Structures are given as structure tokens and as C-alpha cells.
1. Restricting the count to DSSP beta bridges whose residues both fall in the chain, what percent are antiparallel, rounded to a multiple of 5?
2. Name the residue farthest towards the positive end of the dipole of the chain from the options Gly57, Gly97, Val108, assuming +1 on Cβ of Lys and Arg, -1 on Cβ of Asp and Glu, about the Cα centre.
3. Quick check on the chain: helices-only [θ] at 222 nm, where DSSP H runs of length 4 and up contribute -39,500 (n - 2.57) each and the sum goes over total residues. Nearest 500, please.
4. Of [x] 57, 49, 30; [y] 49, 36, 31; [z] 60, 31, 24, which one was derived for Cα extents along the principal axes in Å from the structure shown?
5. Where nothing but the Cβ of Lys and Arg (+1) and of Asp and Glu (-1) is charged, how large is the charge dipole of the chain around its Cα centre, in debye to the nearest 20?
Amino acid sequence: MGVSGYSQAVDLEVSVQNLTQGIYFAPLLVTAHSPDQSLFELGEEASAEIQAMAEGGDISGLEAIADAISANTSANPNEGPLGPAESTTAMVYPDEGNTVLSIVGMIVPSNDGFIGLDNWTIPEEPGTYTLYLNGYDAGTEVNDEVRGSGMPGEPGLGVPPFLEDKVGFNATGVTSTLSNNYIHVHPGSLGDDDLEGGVSDLDNAVFRWLNPVAKVTIVVTE
């Protein structure tokens, strides 16, 4: 049988590990859905729901979309942010026709960065499968790396309480230009070593990161 359906149901155990030394992932959305739908597309403009997730960590809009398309979803399996080296596991039970898997979650701190898996075809063969995820840029906000409200449509980094003492103040901004307003591979955080000024409010010894940023282990069982 092809990927359009399953001869028998499969269950998914989806584990996401943060591979970075200093960044966090905001609540994750893990969802199995039909291949004719997509939470995001590289090279296309971000939806309002992707913007809310990528700028403020709010997955409720994407969860509503998943519900509307009869997806099988695990929302916020870690019950909060996923820290460096930490892992979380979600159980997903795809219905017939929900043959692809997607994962999203904001990169914290960032202006509009997120980890993403887009429409990965779920294998029919039971086994263990390993993927590595890049960080993506929603293209909705300038990556200035300056403190801000973190609200969608407003500039600046949102700084959660658990990072308050690790993020600086009074930066002038890494850039004021948004050169690509489509979803694209994130260039990573630049940072600097001046927590009371400089160009970035991010400490480059803590928050500098490169791709890939997450490891996903998927156990498929019948």
C-alpha cells in the first residue's frame, strides 16, 4: 500500500530533544494530519497563526487549525518550555488519512524563530526513525535581538521570567532590515558580550546557536 493510507493503524511515540546549549523551545505542537494540509511552507508568507507561535510562543491558533482539519494532535507535551539538553515525548494516534507529521515550537529567545517539521510522511513500517530539525525564521519581524514585548506585530524579543537575568538591556540592534519576509532557514542568533549595551541583548556565550537545533525520534508501532 502507498502512503495515501494504512493497511492497519499505527501509533506514534514522538520524542523531541533540544540540542542547544542555551536556547529553549516554547510549548510544542505535534500533529498528524492529511498531506493536503500544511501548518507552514518554506518560501511562503507566514500565517497569523505561525506568526503568533514564532513571535510569542502561542500555539493555540495552530491547535485550532489542527482541530478543524481533524488532525491528531499533542499540544505542549512538556507542559512548559523545553530547556537545553532536555527531551519530551508526545503520543500521537493518527486516524486513517492522517499520514504526515508536523512539529512547531518557538525558539526562545528569538524575534520570530521556531523549530519546524513540515509534512513528514509517516512510515507504514514499524520501527524507530530519527530526524534533525532546523530553526526557521517566520519572516515577520526584524531580527534585531533587542528586548521588546514579544507580542505578534510588535518589535523585540520577549524575555520570559526564567531568562530575565541572562538577557541584557539597551542594545542598539543587530539589524533594522528585514531582507526576507517569507519563512526561511534562520541565520541563528549573533549576540555580543555586552549585557548593558552593544548591538544585541543576547549573550553570545549562551544564546549563539547553529542548525540543527532539535533531534526527533519517532517510534512507529502497529
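Rule-based calculations on the coordinates, nothing more; no lab input. What you see is a predicted model; the values in this text were computed from it and never measured. A quick note on method: Cβ atoms are made from the backbone with ideal geometry, for glycine too, and the neighbour counts reach across all protein chains shown.
1. Values: 45 of 47 bridges.
If we restrict to bridges inside the chain, about 95 percent are antiparallel.
2. With unit charges placed on the Cβ atoms, the residue in question is Val108.
3. Numbers: 2 runs with 18 residues, N = 222.
Taken over the chain, the calculation gives -2500 deg cm²/dmol.
4. [z]
5. Numbers: 4 positive and 33 negative charges, 72 e Å.
For this selection, approximately 340 debye.
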